[in-house]
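Have a look at the structure below before the remarks.
Here, each number is a calculation from the coordinates, and none is a lab measurement. None of these values were measured; they are calculated from a predicted model. In this analysis, Cβ positions are derived from the backbone assuming ideal geometry, glycine residues included, and neighbour counts consider all displayed protein chains.
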Amino acid sequence: MRPQVFVTRQLPVPALQRLGQVCEYRIGTDRGVLEREKLLAGVQGAHGLISLLTDTVDREVLEVGAKLRIVANVAVGYNNIDVATAKERHVYVTNTPEVLTDATADLTWALILSVTRRIVESDAFLRAGKFDGWDFDMLLGSGLTGKTLGIIGYGRIGRAVARRAAGFGMNVIYCGRDDIAYRDDPQHNALMMARQNVTSPLNQSARIDGLSARRVTFNQLLERSDVISLHIPLAAATQHLLNQEAFARMKRTAYLINTARGPVVDEAALVEALQQGRLAGAGLDVYEREPEVSAPLLTMPNVVLLPHIGSATLEARTAMAMLAVENVIEVLSGRSPRTPV
Ligand code: GLV
């Protein structure tokens with residue numbers, strides 16, 4: 001008997017064709033988010049589950065899906081999956097790194113340029129019939145050349161965003177996973193600061209990927225950046241990483257960009273910081289209680305809001321679906337998956 005796979009939502013045809021070469025599959029829904037009952041019904045008897053970031057794959061799902069051997073998330077983030085329970089039950093969890101890196105980095109830059117150059121606001125201005133002639137100081141934005149881009153999370157996407165910064169003449173500073181995890185540890189921060197003063201080839205903060213991106217402490221990044229961009233996964237240690245205290249450290253002229261996960265930012269604190277002018281603007285692709293967006297954000301001209309489209313290119317989404325399918329095929333054929341988490 002061929003392995004059974006439950007695919008929560010319709011995926012690009014080439015990916016399903018490939019899946020059909022090896023497995024029997026059923027699709028939960030043509031579009032949108034699959035209802036919980038349908039997810040629970042779908043995993044019964046299934047050997048593989050292909051899920052999306054909107055599917056909550058918790059203990060109950062993993063127990064009802066007692067035969068599951070793999071949960072292949074079609075996303076790089078996997079905070080929607082109870083990985084600990086999956087591990088306990090010997091169920092592989094896979095994600096889709098790499099294939100969406102460029103799409104997400106490009107979208108990050110689309111947001112950076114949109115907020116700093118007031119693109120959306122300018123478009124609305126024109127459509128409202130307000131463009132009645134060129135004017136010298138009409139819709140002035142904020143330039144990027146020589147400014148500092150602070151990248152929080154220096155993994156694949158963070159580095160891809162940094163590479164693009166070179167084309168805009170920006171200085172790049174960043175903090176990695178440890179700098180975030182140990183942000184309140186004085187010893188870690190003292191070591192990091194001491195390293196910054198050493199110009200040796202061993203100095204990690206000097207050059208990475210041929211870029212002159214400098215590694216700094218979390219607080220230094222908040223204090224020095226003109227644009228801050230988030231590229232870290234959502235986990236207990238990163239929930240509300242950007243809170244009232246963090247906003248208070250940022251420059252009043254700084255912009256915040258979030259293409260990672262909504263709950264990394266305390267959205268109420270962000271709204272308050274924007275209302276009080278403690279921040280110049282924000283570009284958001286993700287929200288704390290998606291798809292809900294804090295109402296005051298909707299009225300702010302200095303905020304650009306996107307509906308979680310970071311990886312939404314035809315190329316990236318097709319490649320993500322293909323990779324998830326390959327992971328399922330590998331595991332259900334008795335091999336190791338390509339991209340386990
Ligand atoms: C999108 O948000 C992803 O995690 O792939």
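Under the convention that each Lys and Arg Cβ holds +1 and each Asp and Glu Cβ holds -1, the size of the dipole of the stretch 101-305 around its Cα centre is about 700 debye.
Charge tally around residue 250: other residues with Cβ under 15 Å, Lys/Arg +1 each, Asp/Glu -1 each, net +2. Positive contributions from Lys and Arg (+1) and negative ones from Asp and Glu (-1), summed over other residues with Cβ under 13 Å from the Cβ of residue 98, come out at 0. Classify the stretch 189-341 as rounded, prolate or oblate, taking a ≥ b ≥ c as the square roots of the eigenvalues of its Cα gyration tensor: rounded when a/c is under 1.5, otherwise prolate if a/b is larger than b/c and oblate if not. Oblate shape, in that a/c is at least 1.5 and b/c is the bigger or equal ratio.
The charge dipole of the stretch 210-341, taken about its Cα centre with unit charges on the Cβ of Lys, Arg, Asp and Glu (plus for the first two, minus for the last two), comes to roughly 460 debye.
Highest mean packing first, where packing is the average number of other Cβ atoms within 10 Å per residue, the peptides 288-300, 85-97 line up as 85-97, 288-300. Rounded, prolate or oblate, given the Cα gyration tensor of the stretch 1-56, with a/c below 1.5 counting as rounded? It is oblate, given that a/c is not under 1.5 and a/b is not larger than b/c.
The fewest-to-most ranking of 333, 212 by surrounding Cβ atoms within 10 Å reads 333, 212.
Most simply put, the chain has about 5% antiparallel DSSP beta bridges, counting only bridges with both residues inside it.
Per the Kirkwood formula applied to alpha carbons, the chain shows a radius of gyration over Rh ratio, Rg over Rh, of 1.01.
Using a Gaussian network model of the chain in which every pair of alpha carbons under 10 angstrom is joined by a spring, one finds that among 168, 247, 131 the greatest mean-square fluctuation is at 131.
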